[in-house]
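A.B. asks: After the structure tokens below, expect a handful of questions from me.
The values are calculated or read from the model by the stated rules, or taken from the named source; none is laboratory data. The structure presented is a predicted model; accordingly, all values stated were derived computationally and were not measured. Methodologically, a virtual Cβ is constructed for each residue, glycine included, from the backbone with ideal geometry; neighbour enumeration extends over all protein chains shown.
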Amino acid sequence: MAKKQSPDTAPEATPGEKPEASEKQAGKKPERKAEKKPREPKGKTKPDVAPVADKPGEAGSPPAPPAPKAAAPAGEKAKKKGKKPGVAPRRGKKLRNQLSNLRQKLAKESPAPLRKAIGLLKQAKRAKFDETVEIHVNLGIDTTQSDQMIRGSVALPHGVGKSVRVLIFTQGDNVAKAKEAGADFAGSDDLVKQIQGGWLEFDVALATQDMMGVVSRLGKVLGPRGLMPTPKAGTVIPAGADISAGVREFKAGKVEYRTDKGGNVHAGVGKMSFDDDKLAANITAFVEQVRHAKPSGVKGNYINSITLAGTMTPGIALAM
């Protein structure tokens, strides 16, 4: 026979049995379940009725007017639309046709002798300022070989047509000699401290041999800018050499040249306002200096091409 259950203990709910039965036996009122909403029949959709919104910005409310743009702070100019930094504006049709005709004319005349090329270059001048005459020499060297990289300097007979600010690192009596020869700045530790502080208002930096230990501290500052004195470029004056002569050469227009990754040499050799004779003398001196700097390991043609150009003009090939 089954044992009688005590009234205090409630029977355990069997699986599938509703929990309300145990609650009734315990004397508790069963909790009401949340009423389920009737499911909507398939295939029917709610009518597209936009709810009325009290707050602005909610669905159904008219779009808020765009916020006014903040005015530029005082002292700053408003940026113009359609202009990006470093991107030149598109050339007009008239200018494009003019440049195209000019290139075709120069292409027919080139390669030209030196005198004729200078005359064509001056005819092609269109800028209002005094343009610099540039020479570009393509060399048949192997740029992967360090012994074939060319670097040096050449003193042009008639200068480059602009004032050059020369700085020289020296000490003792040489400071006065350098300033008498035309150096703009001369000194030792005082100049090193100024350059370390960010001062770089000079175009050429020279140094005497005894000052290279001090100047080597400026390698990270002057090296990337191409201003570090080096013996290959002729900017290091050896012991016993005439300091005044070195300063005068660079002050008059001694040009440094160096091959780039493509095996090209670039330099400015004068201004458009120079006489034809002066330009021809400067160009001849530069080309002869590059010829003499030919490395011994170069095979075949050393000078592939020479191009003459102005700051704002197309290039003209020279007949070598």
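A.B. asks: Checking LYS271 against (1) in the same structural domain as ALA155 (by TED's automatic domain parsing); (2) surrounded by fewer than 16 Cβ atoms within 10 Å (Cβ to Cβ), only one condition comes out false. Which one?
C.D. replies: So LYS271 meets the others, but not (2).
A.B. asks: Another question, if that's okay. What's the total number of residues in segment 297-319 that are in contact (Cβ under 8 Å) with a residue 24 or more places away in the chain and assigned to a loop (DSSP other than H, G, I, E, B)?
C.D. replies: 11
A.B. asks: With the checklist (1) assigned to a loop (DSSP other than H, G, I, E, B); (2) of a type in the set (A, V, I, L, M, F, W, C); (3) modelled with pLDDT of 80 or more in hand, flag the one item ALA71 doesn't pass.
C.D. replies: If we test ALA71 against (1) assigned to a loop (DSSP other than H, G, I, E, B); (2) of a type in the set (A, V, I, L, M, F, W, C); (3) modelled with pLDDT of 80 or more, just (3) comes out false.
A.B. asks: Please work out which residue is surrounded by the fewest Cβ atoms within 10 Å (Cβ to Cβ), limiting yourself to segment 109-166 and to residues that are acidic (Asp, Glu) and closer than 15 Å to SER273 by Cα.
C.D. replies: Looking at residues that are acidic (Asp, Glu) and closer than 15 Å to SER273 by Cα, I get ASP130.
A.B. asks: Out of segment 167-176, which residues are surrounded by 20 or more Cβ atoms within 10 Å (Cβ to Cβ) and among the β-branched types (Val, Ile, Thr)?
C.D. replies: Across segment 167-176, the qualifying residues are ILE168, THR170.
A.B. asks: Say whether the condition of being over 24 Å from ASP260 (Cα atoms), in contact with a strand residue (DSSP E or B) (Cβ under 7 Å, 6 or more places away or on another chain) and acidic (Asp, Glu) is met by at least one residue in segment 187-207.
C.D. replies: No, segment 187-207 has no match at all.
A.B. asks: Count, please, the residues in segment 122-151 that happen to be touching a strand residue (DSSP E or B) at 6+ places or on another chain (Cβ under 6 Å) and within 27 Å of GLY213 (Cβ to Cβ).
C.D. replies: Of the residues in segment 122-151, 1 are touching a strand residue (DSSP E or B) at 6+ places or on another chain (Cβ under 6 Å) and within 27 Å of GLY213 (Cβ to Cβ).
A.B. asks: Now, a different point. State whether the residues of segment 289-304 include one that is in contact with an Asp or Glu (Cβ under 7 Å, 6 or more places away or on another chain) and not aromatic (Phe, Trp, Tyr).
C.D. replies: yes
A.B. asks: Same structure, new question: Quick one: which helices (runs of 4 or more DSSP H) sit completely within segment 143-255 and have at least 3 residues that are farther than 26 Å from GLY270 by Cα and charged (D, E, K, R)?
C.D. replies: Output list reads 189-196.
A.B. asks: So, in segment 241-254, of the ones that are more than 13 Å from ALA178 (Cβ to Cβ) and small (Gly, Ala, Ser), which residue ends up modelled with the lowest pLDDT?
C.D. replies: GLY253
A.B. asks: Identify, please: which residue in segment 130-175 is small (Gly, Ala, Ser) and touching a residue at least 40 places away in the same chain (Cβ under 8 Å) and is, among those, farthest from ILE283 (Cα to Cα)?
C.D. replies: GLY140
Results for (1) modelled with pLDDT of 90 or more; (2) touching a Ser or Thr at 6+ places or on another chain (Cβ under 6 Å); (3) not assigned by TED's automatic domain parsing to the domain that holds LYS116, shown as yes or no for each residue.
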{"site": "ALA239", "(1), (2), (3)": "no, no, yes"}
{"site": "VAL265", "(1), (2), (3)": "yes, yes, no"}
{"site": "ASP276", "(1), (2), (3)": "yes, no, no"}
{"site": "LEU279", "(1), (2), (3)": "yes, no, no"}
{"site": "ASN282", "(1), (2), (3)": "yes, no, no"}
{"site": "GLN289", "(1), (2), (3)": "yes, no, no"}
{"site": "GLY297", "(1), (2), (3)": "no, no, no"}
{"site": "THR307", "(1), (2), (3)": "yes, no, no"}
{"site": "ALA319", "(1), (2), (3)": "no, no, no"}
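A.B. asks: Just to be sure I understand, how many residues within segment 101-127 are in a helix (DSSP H, G or I) and either within 31 Å of the chain's Cα centre (by Cα) or over 17 Å from GLY270 (Cα atoms) (or both)?
C.D. replies: Of the residues in that region, 11 qualify.
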